[in-house]
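The block underneath contains the structure these notes are about, expressed in structure tokens.
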Amino acid sequence: MLSRLGTSAAANTALKRSPKLAVAVRRTFVQPSGAERANVVDVPPSFKNVGHFTPRADMLGFKLDASVHEKSATQKTRPIYLDMQATTPVDPRVLDAMLPYLTDQFGNPHSRTHAYGWEAEQAIEVARQHVAALIGAEAKDIVFTSGATESNNMIIKGVARFNQDKKRHIITVQTEHKCVLDSCRKLSEEGFEITYLPVESNGLVNLEALDAAIRPDTALVSIMLVNNETGVIQPMKDIGAIVRKHRGVYLHTDAAQAVGKIPIDVNEANIDVMSISGHKLYGPKGVGAAYVRRRPRVRLDPILSGGGQERGLRSGTLPTALAVGMGEAARISKLEMARDHARIKQLSERLLSGIHSQVDHVIRNGDPNGYPGCVNLSFAYVEGESLLMALKDIALSSGSACTSASLEPSYVLRALGAAEDMAHSSLRFGIGRFTTEAEVDFVVQNIVRVVQRLRDMSPLWEMVQEGIDINSINWSQH
Amino acid sequence: MSTQPTRNALLGLYGATLRAARSFKSYNFRNYFLQRTRDNFRSLLAETDSDKVSRAYKQAVGELAMLKRSAIVNQLYAGPPLPIEVHGAVKGGV
């Protein structure tokens, strides 16, 4: 810091003394600055005590401060992260596997003429094998993309457009992720017909309704495996069996929330195409994968045209480090799945029993047999967003991260048949590999306190306590 | 066929791994790796199949090196602590 001060002050005084010299003598690259421009600046009397530095005029109002980083480490705290459906932290083991490819081994994996390319390509192929092994596929079936959103877009639009001469119908579910629904909306603008299947009140798709919805001109059925808001697990094996009965209909599943968390086998469930995300399984953001079955072959129209990488389905240079990170994340997930799942289940039960034992009128949205790491609770007579505002030490979400900016009630919960007020008062608890018991206890303690407090302020709650049926009130009368 | 590592070697590695896990700055990673190390080594110390033990030992040596590197990176970019880590934690919320 002293040296920085010295140079800036020196430059300043030098400019003041000889303004002409500074303008006239233009330094080139090799010309050293002359000794006459050197200047000795007195050390400020208070320099030993950096904390009490007196500001001077030439500091232009800028303050000398300890770095923001150091300061925040001693004073502030970070909220407890309980939003694992939005994203997960990168596992340190994943980062360790990635770092060589962000530093020394920077080669383009598609370079075939030198060792830099070979080592990158080999690393990617190993990563591909790990991803494939996690879902019971072959390495060649895996296409790396930029994430599950790209995979979903590529698959839904790709399959639909490739078969558009004969098949003009797509089936999906109302509770799908936005990127699936929006891809379908785009296709409907292009003249495709889309069936949005409703779900039952527990979030599961009705299999008979699905069977009835499949038509001879259906190209694709797209049903997500684990719902991102409610954690509902769709019975993929049964769905696969139904779709398999109809020849030429492909089954796509958005497994972004499922891969690495629950066991999946693409052959067992007859899944033809699948979307995987890297950052939901403790990998890096910006990478995902698509499983595209080769036998029987699923053909699709690529969105990106170019150098023909990834079987021509997704052109563009692969991000070696990200793909390696995703592969390592998949490898670790496969190894630790049983352990993680048991632990997450235990923590989830701890959370639920803690909340249920201390707060009334809490409703769990979605099938209770869903993925335990995603618990969606509605706290009646409390507004979800105000609950979130009050819980500033806990990072939670009321629903999907994509819609967390809007105050609209979640369309997923509405599709489950939740009343508008219950959809407004929902919170999603995402428990993951690195969540601890102490964190869950802290969260329970705070939720209980804040819900109690907000309800004490609420006139609705008072009415409920007095036994007035809220639904019988006609609010619009004046 | 390698010879089985001695109990002392295992205990030494166990201690070193615990130390590496403890040096993580992030609360969540530190706790996870501590717990995982305990679980792994307890089952390893109870294991009788010498082949399995030597294989697991070899793997654990590699993991220790990885853990040490990761802990350094984690220390370099550590953020502020979580509220539950701060002594006499201020209650969050309203």
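The values are calculated or read from the model by the stated rules, or taken from the named source; none is laboratory data. Note that this is a predicted model, so its numbers are computed, not measured. Here the Cβ positions follow ideal geometry from the backbone for every residue, glycine too, while neighbour counts run over all protein chains shown. To get the accessible areas, we keep the full protein, side chains included, count just its heavy atoms, and leave off ligands, DNA and RNA. Shrake-Rupley method; radii C 1.70, N 1.55, O 1.52, S 1.80 Å.
Quick notes
- DSSP-assigned coil residues among chymotrypsin sites (Phe, Trp or Tyr not before Pro) in segment A:377-427, each with at most 10 further Cβ atoms within 10 Å: none
- Cleavage-rule hits, chymotrypsin sites (Phe, Trp or Tyr not before Pro), segment A:424-478, DSSP coil, Cβ neighbours within 10 Å at most 16: A:TRP475
- Of A:PHE106, B:PHE33, the residue with the largest accessible area leads and the full order is A:PHE106, B:PHE33 (1.4 Å probe).
- Fraction of accessible area attributable to carbon and sulfur, segment A:337-468 (%, probe 1.4 Å): 54
- Charged side chains reduced to their Cβ positions (Lys and Arg at +1, Asp and Glu at -1) give segment A:335-404 a dipole of some 200 debye around its Cα centre.
- Rg and Dmax of segment B:7-75, Cα atoms only, in Å: 12.1, 37
- In this structure B:ARG19 has an accessible area near 150 Å², from a 1.4 Å probe over the protein heavy atoms.
- Convex hull volume of the C-alpha atoms in segment A:303-380, normalised per residue: 160 Å³.
- The distance linking segment A:226-291 with segment A:292-358 is 9 Å (Cα centroid to Cα centroid, whole angstrom).
- In the assembled protein chains, A:GLU383 presents an accessible area of approximately 80 Å² (probe radius 1.4 Å).
- Projected over every direction and averaged, the convex hull enclosing the alpha-carbon atoms of segment A:337-468 yields 8.4 nm².
- Across peptide A:76-82, the average count of Cβ atoms from other chains found within 10 Å of a residue's Cβ is 5.
- Solvent exposure of A:HIS114, expressed as accessible area, is near 70 Å², computed with a probe of 1.4 Å over the protein chains only.
- A convex hull fitted around the alpha carbon atoms of segment A:92-333 yields 110 Å³ per residue.
- Applying the criteria of a DSSP loop state and at most 10 other Cβ atoms within 10 Å to the trypsin sites (Lys or Arg not before Pro) of segment A:143-191 yields A:LYS166.
- Think of segment B:7-75 as having a plus end and a minus end, set by charges on the Cβ of Lys, Arg, Asp and Glu; of B:LEU34, B:LEU11, B:GLY62, B:LEU34 sits farthest toward the positive end of this dipole.
- Ordering A:ILE170, B:ILE84 by accessible surface, largest first, gives B:ILE84, A:ILE170; the 1.4 Å probe counts only protein heavy atoms, with every chain in place.
- Taken across both chains, chains B and A shield about 2700 Å² of accessible surface from a 1.4 Å probe.
- Shape box of segment A:269-400 [Cα atoms, principal axes, largest first, Å]: 58, 31, 28
- For residues of A:383-394, the mean tally of beta carbons on other chains within 10 Å: 2
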